[in-house]
Amino acid sequence: MTQRKFQRMLYGGDYNPNQWPVETWSEDMRIFKQAAINSASVNIFSWAKIQPSEEVYDFSELDKIIDMLTKDHYDIILATATAALPAWMFKKYPEVGRTDYEGRQHKFGQRHNACPNSLVYQKFARKIASKLAERYGDNPNITCWHVNNEYGGECFCDNCEKAFRVWLRTKYGTIEALNKAWNMDFWGHRVYEWDEIVLPNALSEGIGYEDTAFAGISLDYRRFNSDSLLENYKMERDGIREFDQNTLITTNLMGTYKNLDYFKWAKEMDIVSWDNYPSYDTPPSYSAMCHDLMRGLKEGQPFMLMEQTPSQQNWQPYNSLKRPGKMRAQSFQAVAHGSDTVQFFQLKRSVGACEKFHGAVISHAGHENTRVFKEVAELGHELEKLGNKLLDSRTKSRVGIIFDWDNYWALEYTSGPNKDLAYVDQIHQYYQAFYDKQIQVDMISVDSDFSQYDVVVGPVLYMVKEGLAERLATFVKEGGQFLTTFMSGIVNESDNVYLGGYPGPLRNLLGIWVEEIDALAPEQYNHSLFVDDTSYKCQLLCDIIHLEGAEALASYQSDFYAGSPVVTKNNFGQGKTWYVGSQLEPAGIAHIVDQVIATSQIEALVTGDSSLEITTREKAGQVYTFIINFQGEAQELPLDFVGKIDILSGKEMTKETRLASFDVIILI
């Protein structure tokens, strides 16, 4: 199967003409044309319109929409419309609705409202996806299929409980293996028959939605739920493939969204797409990390920025306007980190319901004479001018940071030692240290090929699955640098502790033994004194470490473990391992990262310090350097780039060049 690729950078977003009178459509198209919009995502929430009853399908309105976009030479991203179920389906088949964590079965309403293991839902969802592909699949303007929308949530109904038992039987084979994996002799929870297993919700093992008495069963239910929803995606994808063998198929992901194992999902997607909605105070480094994670899901392949807002969200606590230039800067940040599209939710602001105040290219004013539209149009013409220069270009990184959903789930299910320990925050702190030093990073999985990198970083690698410790040891023996932290090497994939001392299977690799873990309340802290006499505050957790071949780079300064190591380094084969036994302040993390990159001889993209974001993409031997100013005031251009040409403006960079706040340049 040869899949079509994008022929240009897509610029557009979600368009819902079915929510508006047909006589308004031509005016929308006139306005979009002024912004150089060349694509539209349609049919996302249209199931109730195109299937008004069980046996009746009505494609007449969608035909008109597809025909209009085709005549205007749009790239069409056609959704399967299954993101919300029609009312008739709930009325006739109430079992299609979800049951929540509290055990309440839901009625018609909201979205993401289908039980993924309902055979009725599966039948109708696949059928409508197939019918859409049969009707429109030969239209060359259909550039991408968009299955469902923002998959998420969980169901705890009887259907899911039965399906969970089948899933478990496939995974474990025997009841005895399951009892051992879940440590069911704790509290006398041993089971003898598969139908004695109940799903973990508020009526059983649950303590709260994010807590559990038995992490083994709750972890497996997370895996099962992710797999169940993935099977729904594959079901619709396969329905499309009956009639369309070539068009790309995707669904929009949500960055570090907790419930779904996106590395597993990406294997089933032709191209990754995602929705980027930073809040008013989200650090640019966090958005950059999410973009890099989306790129990393398919081992460095370009992704789609499927949704962002041109102005403001509606669902966050504080829905600030994007200041002039910020939307452009955030859009180019996505491109800089690997996106081949810039798309918005939404192209036209809804007239009612909960998203009526969510930003749009066309506001409630209904015309193009707005600040937001003018910015959208300016960006559109810039992207049009760039053409396909950046399309399918790649990012080269020498540093990989591990992100793993099993670790995410397991670490945050752990009862103790500190409730403030959050997986994504820990990953982001180490990502930011490299980001601030202008060193590009790939976000990688535990299954990635570590040999591609000089440095692999695995913060809070709490769960070490079978074979991972050996692969890390091989990487370091052959000259790699591995950096990890407290709460690493503790449990296996069933959340059972590795006996014999922490950090379990990483103990020999790291050359240390962690005897105890002290938890510090928010007002408590210690200090780490490095051998070079620098000192940094440390909080959250403090490992009490014994050296077993490693050397101490820093030691605690107070409490009964004063003088014991907090940061260590170990020689292992041709490489080195680094261990950070406490939550250091950002300057302390930066101090360690400095030593790691110096050992690896990794050079930053710029000489000296800079507060600018600097990133590169490469294509056919040409390096494109993106420089973005997310600071609140103008910044000087580093001298490294004097004489380079900005392909957006055509200007040559000089010693006097300064970037205003939210300014962007792309240099060659």
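The values are calculated or read from the model by the stated rules, or taken from the named source; none is laboratory data. Worth saying up front: this structure is predicted, and the values here are computed from it rather than measured. Cβ placement follows ideal geometry from the backbone for every residue including glycine, while neighbour counts extend to all protein chains displayed.
All conditions but one from (1) on the phi > 0 side of the Ramachandran plot; (2) surrounded by fewer than 23 Cβ atoms within 10 Å (Cβ to Cβ) apply to Val460; the one that does not is (2). Of all residues in the range 198-224, those that are of a type outside the set (Gly, Ala, Ser), closer than 23 Å to Val497 by Cβ, modelled with pLDDT of 95 or more and touching an Asp or Glu at 6+ places or on another chain (Cβ under 9 Å) total 6. Within the range 39-53, the set of residues being buried (at least 20 other Cβ atoms within 10 Å of the Cβ) and touching a residue at least 40 places away in the same chain (Cβ under 8 Å) comprises Ser39, Ala40, Ser41, Asn43, Ile44, Trp47, Ile50, Gln51.
Flag: Asn159 matches the condition of being among the polar types (S, T, N, Q) and part of a helix (DSSP H, G or I). Apart from one condition, Leu199 fits all of (1) aliphatic (A, V, I, L, M); (2) under 24 Å from Asn43 (Cα atoms); (3) not in a helix (DSSP H, G or I); the exception is (2). Filtering the range 183-214 to residues that are over 29 Å from the mean Cα position of the chain (by Cα) and in contact (Cβ under 8 Å) with a residue 40 or more places away in the chain leaves Asn183, Leu203. In the range 312-337, the qualifying residues are those that are small (Gly, Ala, Ser) and surrounded by fewer than 24 Cβ atoms within 10 Å (Cβ to Cβ), and the one that is farthest from the chain's Cα centre (by Cα) is Gly325. Of everything listed in (1) of a type in the set (A, V, I, L, M); (2) surrounded by 19 or more Cβ atoms within 10 Å (Cβ to Cβ); (3) over 30 Å from Tyr136 (Cβ atoms), the single unmet condition for Ala213 is (2). From the list Ile665, Ile645, the one residue that fits, being aliphatic (A, V, I, L, M), touching a residue at least 12 places away in the same chain (Cβ under 8 Å) and crowded, with 16+ Cβ neighbours inside 10 Å, is Ile665. Of the residues making up the range 274-307, those that are more than 15 Å from Val441 (Cα to Cα), surrounded by fewer than 24 Cβ atoms within 10 Å (Cβ to Cβ) and under 14 Å from the mean Cα position of the chain (by Cα) are Asp275, Asn276, Tyr277, Pro278, Glu307. If the condition is being among the hydroxyl-bearing types (Ser, Thr, Tyr) and in contact with a Phe, Trp or Tyr (Cβ under 8 Å, 6 or more places away or on another chain), then the range 382-413 contributes Ser393, Ser397, Tyr408. If you filter the range 124-151 down to residues that are out of contact with any strand residue (DSSP E or B) (no Cβ under 8 Å at 6 or more places or on another chain) and either at pLDDT below 95 or among the charged types (D, E, K, R) (or both), you find that the one that is surrounded by the fewest Cβ atoms within 10 Å (Cβ to Cβ) is Asp138. Selection of the range 425-444 for residues being surrounded by fewer than 20 Cβ atoms within 10 Å (Cβ to Cβ), touching a helix residue (DSSP H, G or I) at 6+ places or on another chain (Cβ under 8 Å) and closer than 16 Å to Thr256 by Cα yields only Gln429.
Leu483 meets all of the listed conditions (1) crowded, with 16+ Cβ neighbours inside 10 Å; (2) over 21 Å from Glu551 (Cβ atoms); (3) under 28 Å from the mean Cα position of the chain (by Cα); (4) not acidic (Asp, Glu) but one, namely (2). Ser46 meets all of the listed conditions (1) over 14 Å from Cys144 (Cα atoms); (2) of a type in the set (S, T, N, Q); (3) at pLDDT below 95 but one, namely (3).
In the set Val424, Val441, only one residue is of a type outside the set (Gly, Ala, Ser) and in contact with a strand residue (DSSP E or B) (Cβ under 8 Å, 6 or more places away or on another chain); that residue is Val441.
Screening Lys356 against (1) under 30 Å from Glu493 (Cβ atoms); (2) touching a Ser or Thr at 6+ places or on another chain (Cβ under 6 Å); (3) of a type in the set (D, E, K, R) leaves a single unmet condition, (1).
Let me confirm something: among Gln557, Gln574, Gln583, Gln539, which residue is more than 21 Å from Ala433 (Cα to Cα), modelled with pLDDT of 95 or more, in contact with a Leu (Cβ under 6 Å, 6 or more places away or on another chain) and of a type outside the set (Phe, Trp, Tyr)? Step by step, each of Gln557, Gln574, Gln583, Gln539 is checked, and only Gln557 is more than 21 Å from Ala433 (Cα to Cα), modelled with pLDDT of 95 or more, in contact with a Leu (Cβ under 6 Å, 6 or more places away or on another chain) and of a type outside the set (Phe, Trp, Tyr). If I filter the range 554-585 down to residues being in a loop (DSSP other than H, G, I, E, B), small (Gly, Ala, Ser) and in contact (Cβ under 8 Å) with a residue 12 or more places away in the chain, which single residue comes out as surrounded by the fewest Cβ atoms within 10 Å (Cβ to Cβ)? Of everything passing the filter in the range 554-585, Ser558 is surrounded by the fewest Cβ atoms within 10 Å (Cβ to Cβ).
On the stretch given as the range 362-386, residues that are under 14 Å from Ile666 (Cα atoms) and either touching a strand residue (DSSP E or B) at 6+ places or on another chain (Cβ under 6 Å) or surrounded by fewer than 14 Cβ atoms within 10 Å (Cβ to Cβ) (or both) total 2. Residues that are under 30 Å from Phe108 (Cα atoms) and in a strand (DSSP E or B) within the range 38-75 comprise Ala40, Ser41, Val42, Ser53, Val56, listed in sequence order. Consider the range 182-224. How many of its residues are of a type outside the set (Asp, Glu), under 25 Å from Leu421 (Cα atoms) and in contact with a helix residue (DSSP H, G or I) (Cβ under 8 Å, 6 or more places away or on another chain)? Total meeting the criteria: 15.
Looking only at residues of the range 530-546 that are more than 13 Å from Tyr561 (Cβ to Cβ) and hydrophobic (A, V, I, L, M, F, W, C), we find that the one that is surrounded by the most Cβ atoms within 10 Å (Cβ to Cβ) is Leu540. Between Arg135, Arg98, Arg126, Arg104, the distinction of being more than 19 Å from Tyr151 (Cα to Cα), within 30 Å of the chain's Cα centre (by Cα) and among the basic types (Lys, Arg) belongs to Arg104 only. Within the range 19-29, if we keep just the residues that are in a helix (DSSP H, G or I) and more than 35 Å from the chain's Cα centre (by Cα), the residue that is surrounded by the fewest Cβ atoms within 10 Å (Cβ to Cβ) turns out to be Glu23.
Only one entry of Glu613, Glu636, Glu618 meets the criterion of being under 31 Å from the mean Cα position of the chain (by Cα) and either over 16 Å from Gln333 (Cα atoms) or crowded, with 20+ Cβ neighbours inside 10 Å (or both), and that entry is Glu613. Mind listing just one residue for me: the one in the range 487-501 that is of a type outside the set (A, V, I, L, M) and surrounded by 24 or more Cβ atoms within 10 Å (Cβ to Cβ) and, of those, nearest to the chain's Cα centre (by Cα)? Only one residue fits best here, namely Ser488. Please state which of the following conditions Cys115 fails to meet, knowing it meets all the rest: (1) within 17 Å of Phe156 (Cα to Cα); (2) touching a Ser or Thr at 6+ places or on another chain (Cβ under 7 Å). Condition (2) is where Cys115 drops out.
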